[in-house]
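The next block holds one structure in the form of structure tokens; read it before the comments.
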Amino acid sequence: MIEAQSKEGIVRQRYAAGAKERADKLCCPVDYDSEYLKVIPLEVIERDYGCGDSSRYVREGETVLDLGSGTGKICFIVAQIVGPSGKVIGVDMTDEMLEVARRSAPVVAERLGYTNVEFRKGRIQDLALDLERLDNELKRNPITNAASFLAADELAEELRVKQPLVACDSIDVVVSNCVLNLVEPKSKGQLFDEIFRVLKKGGRAVICDIMSDEEVPEEMQNDPELWSGCISGAFTEHGFLQAFEHAGFYGIQILKRDTDPWRTVQGIEFRSVTIQAFKGKQGECFERNQAVIYRGPFKEVLDDDNHRMERGRRYAVCDKTYNLYKKAPYREFFEFVDPILDVPLDQAKPFDCSRTALRHPKETKGQDYDVTTEANNKCCDGGSCG
Ligand SMILES: C[S@@+](CC[C@H](N)C(=O)[O-])C[C@H]1O[C@@H](n2cnc3c(N)ncnc32)[C@H](O)[C@@H]1O
């Protein structure tokens, strides 16, 4: 049995050992694209403790942050996808993992012909605190009594503000492979806030993790083997998506869910699930007379700002929502209706986004619109309008 405050120490201990020697019990088989594995040293590939492949959802030129990067495999795969114009940052708290990853980085860079990966030491629930800088400061001013402990605490706070490990609004995609479950319960809320903080507006999180089909009972959570083995810290699928929602994300969805469980313990199934969530719905709402029509196939939908829309009806939306819907993951589900007379943004009035209102076509066209036209040739030339 373990106390809540020692869970992190147990995780560190287990993965320090896993960095030195492959630990079979920690492996959940994943089908990576073998093309990308060719440049990666064998020890990195062998000491793989992931459960999914978030690299498949990353694009060229993006800046990617990998939470709990381990020996660096996902970082080295992503480095090839984002290419020389992109950048990859791996964060891990375990020295032994960082040692393997940092030793392998120049080998991969030489094989690729460019360098775009770096590994930083930190805790993923506190991405502002650079643990290496703190280490260095503490070597010069070690903690010897309560006063120096308080001074170290102040120093950590100063480092967070002045020299953050990962700056606010700096990342296009946060990925992670089988790590979020390992963060102790009291820090899990802060973890999602940190993911939100570091992402750029319009950025996204693509997270692979082990999830449970039922709540994990406390006695299982207190089992050190199950906790550090990526089992008993697992969220339920619903709990995981909800944590993103509470942190302010939108467009949250399951991208992949293994049908077969990785493990079943006392009747509870634990399987790999990959989710995606976007940052960027916050901001002011302006009226530019735009409208959207939900195409279906569901009878109605509810978005993360509580807009409830019935299939086929025309709804008034603010400029922000209109532009969010024009991008992934929404765009394929909507038709977009621009007003005939554009309302420039600097002349637009505030829009009340707390209610969902229908938009009469006359609002789009103008109240005096009474045009009559001949049949549109674009539609019927050649005898077909479909
Ligand atoms: C299951 S392994 C996954 C490693 C890697 N993502 C992979 O795919 O092989 C978990 C990793 O997360 C790191 N880790 C666990 N909790 C962490 C935390 N709170 N902050 C930073 N790293 C953490 C561990 O040191 C370990 O390297």
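The values are calculated or read from the model by the stated rules, or taken from the named source; none is laboratory data. Quick caveat, the model's predicted, so the values are computed rather than measured. Neighbour counts run over all protein chains shown; Cβ positions are idealised from the backbone, glycine included. Remember, those area values only see protein heavy atoms, side chains included, never the ligands or the DNA or RNA. Shrake-Rupley method; radii C 1.70, N 1.55, O 1.52, S 1.80 Å.
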field: Gly248 vs. criteria modelled with pLDDT of 95 or more and touching a Phe, Trp or Tyr at 6+ places or on another chain (Cβ under 7 Å)
entry: yes
- request: Filter the stretch 71-81 down to residues that are open to solvent by 10 Å² or more (accessible area, probe 1.4 Å) and in contact with a strand residue (DSSP E or B) (Cβ under 9 Å, 6 or more places away or on another chain), then give me how many there are.
  value: 2
- line: Of the residues in the stretch 101-142, those that are open to solvent by 60 Å² or more (accessible area, probe 1.4 Å), modelled with pLDDT of 95 or more and not in a helix (DSSP H, G or I) come to Gly113, Thr115, Glu118, Arg123
All positions within the stretch 305-326 that are open to solvent by 20 Å² or more (accessible area, probe 1.4 Å) and either closer than 12 Å to Arg295 by Cβ or touching a residue at least 40 places away in the same chain (Cβ under 8 Å) (or both): Asp305, Asn306, Arg308, Glu310, Arg311, Gly312, Arg313, Arg314
task: Filter the stretch 170-183 down to residues that are within 8 Å of the ligand (Cβ to nearest atom) and either outside any helix (DSSP H, G or I) or among the basic types (Lys, Arg) (or both), then give me how many there are.
output: 5
statement: Checked Ile10, Ile40 against criteria (over 23 Å from the mean Cα position of the chain (by Cα), farther than 21 Å from Val206 by Cα and in a loop (DSSP other than H, G, I, E, B)); the one match is Ile40
- request: Any chance you could count how many residues in the stretch 6-58 are within 10 Å of the ligand (Cβ to nearest atom), open to solvent by 20 Å² or more (accessible area, probe 1.4 Å) and among the small types (Gly, Ala, Ser)?
  value: 1
- request: Taking the residues in the stretch 159-181 that are among the hydrophobic types (A, V, I, L, M, F, W, C) and farther than 25 Å from Ile77 by Cα as candidates, determine which candidate is least open to solvent (accessible area, probe 1.4 Å).
  value: Leu159
- request: Would you mind stating whether Arg120 is touching a strand residue (DSSP E or B) at 6+ places or on another chain (Cβ under 8 Å) and closer than 22 Å to Phe192 by Cα?
  value: yes
Single condition Asp130 does not satisfy, out of (1) under 29 Å from the mean Cα position of the chain (by Cα); (2) away from the ligand (no atom under 16 Å from the Cβ); (3) closer than 25 Å to Ala79 by Cα: (2)
- prompt: Before we move on, is Asp66 in a strand (DSSP E or B) and either near the ligand (Cβ under 10 Å from one of its atoms) or at negative phi (or both)?
  reply: yes
message: Testing Ser85 on (1) more than 16 Å from the ligand (Cβ to nearest atom); (2) closer than 22 Å to Val174 by Cα; (3) surrounded by 14 or more Cβ atoms within 10 Å (Cβ to Cβ); (4) not aromatic (Phe, Trp, Tyr), one condition comes back false. Which one is that?
response: (3)
message: Quick check on this structure: which one of Tyr330, Tyr325, Tyr315 is out of contact with any helix residue (DSSP H, G or I) (no Cβ under 7 Å at 6 or more places or on another chain), hydroxyl-bearing (Ser, Thr, Tyr) and at negative phi?
response: Tyr315
message: Could you check the stretch 182-228 and list, in sequence order, the residues that are among the polar types (S, T, N, Q), surrounded by fewer than 23 Cβ atoms within 10 Å (Cβ to Cβ) and in contact with a helix residue (DSSP H, G or I) (Cβ under 7 Å, 6 or more places away or on another chain)?
response: Gln221
The stretch 234-248, subset free of Cβ contacts under 8 Å to residues at least 40 places away in the same chain and more than 12 Å from Glu215 (Cα to Cα), residue surrounded by the fewest Cβ atoms within 10 Å (Cβ to Cβ): Gln242
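Conditions (1) touching a residue at least 60 places away in the same chain (Cβ under 8 Å); (2) under 23 Å from the mean Cα position of the chain (by Cα), marked per residue:
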| residue | (1), (2) |
| --- | --- |
| Gly267 | no, no |
| Phe270 | yes, yes |
| Val273 | yes, yes |
| Arg288 | yes, no |
| Gly296 | no, no |
| Tyr330 | yes, yes |
| Asp338 | no, no |
| Pro344 | no, no |
All positions within the stretch 184-196 that are under 16 Å from Ala277 (Cα atoms) and either of a type in the set (Gly, Ala, Ser) or more than 9 Å from the ligand (Cβ to nearest atom) (or both): Gly189, Phe192, Asp193, Glu194, Ile195, Phe196
